[in-house]
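Heads up: the structure comes next, in structure tokens.
The values are calculated or read from the model by the stated rules, or taken from the named source; none is laboratory data. All of these numbers come straight from a predicted model, not from anything done at the bench. Neighbour counts run over all protein chains shown; Cβ positions are idealised from the backbone, glycine included.
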Amino acid sequence: MPSITRHLAALALSMLAVQASAQPTAPFRFESLATLDEMQAFVRTHFPPGAAKDDLHRTFVTEGSGSLRLHPRQPHVEKYLYDINLCRLYVWRWNISADYDERGRLLQAYVNGEPLHASGPQKRQGGTLADSGKAKILKLSRPRPEASMGEKALVYLLLDGDGDPATTDDQVLAGGGPSRADPANFGKMIAYTDVDPWRSIFDGDPADRIVDYAGSCPASK
């Protein structure tokens, strides 16, 4: 009798496990992650090297409604953009980018230009570009007029390795941005250095839309 009881208990647990695994997971939403740390942890955990491109598309484009952009010069490189207007104080950008191999398997994932996996490609080094003898440093800005009550432009420094802004694969930038997508608490200032402009919060590619902040906006002073 005890053996039958144990068997039935094991069978019940097995059925519960199957039911639990069959439960659909909630679709990904960019708004569910409020900080850079959370997004970095999410991407690092869910998309290790070797992850399928289709899985990233499903998460960031199909479910998350991010805007897919292919790199204009580098094959197998793309990004997913998502912009949030934080109560007209700041336009927050998620720029998730990825390098794939010819089979569509992930080599490296980036959050706002910062690489996540030690085994994949890494950032260009500004010091190396500066040694060319032709390098220039330019002070530029990314207009954000939608932030009509706050930061209407994002200022950054661009290091151009050959001094020609038209050739963009020898450029890195330095700039800053908040750590939280929350108009009531922007967190701390994050310094971005040696970041590829195309992968950054400063890049000029527009998202398909700018989404209004879904939470409560702080009262105007």
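Observations
- Hits in segment 86-111 (condition: under 17 Å from HIS46 (Cβ atoms) and assigned to a loop (DSSP other than H, G, I, E, B)): GLY104
- Residue that is surrounded by the most Cβ atoms within 10 Å (Cβ to Cβ) [pool: residues in segment 196-215 that are assigned to a loop (DSSP other than H, G, I, E, B) and of a type in the set (Phe, Trp, Tyr)]: PHE202
- Count of segment 126-159 residues which are small (Gly, Ala, Ser) and modelled with pLDDT under 95: 6
- When the residues of segment 101-144 are filtered to those that are within 16 Å of GLY50 (Cα to Cα) and hydrophobic (A, V, I, L, M, F, W, C), the one that is nearest to the chain's Cα centre (by Cα) is ALA109.
- Complete set of residues in segment 178-195 that are assigned to a loop (DSSP other than H, G, I, E, B), crowded, with 22+ Cβ neighbours inside 10 Å and out of contact with any Pro (no Cβ under 7 Å at 6 or more places or on another chain): ALA181
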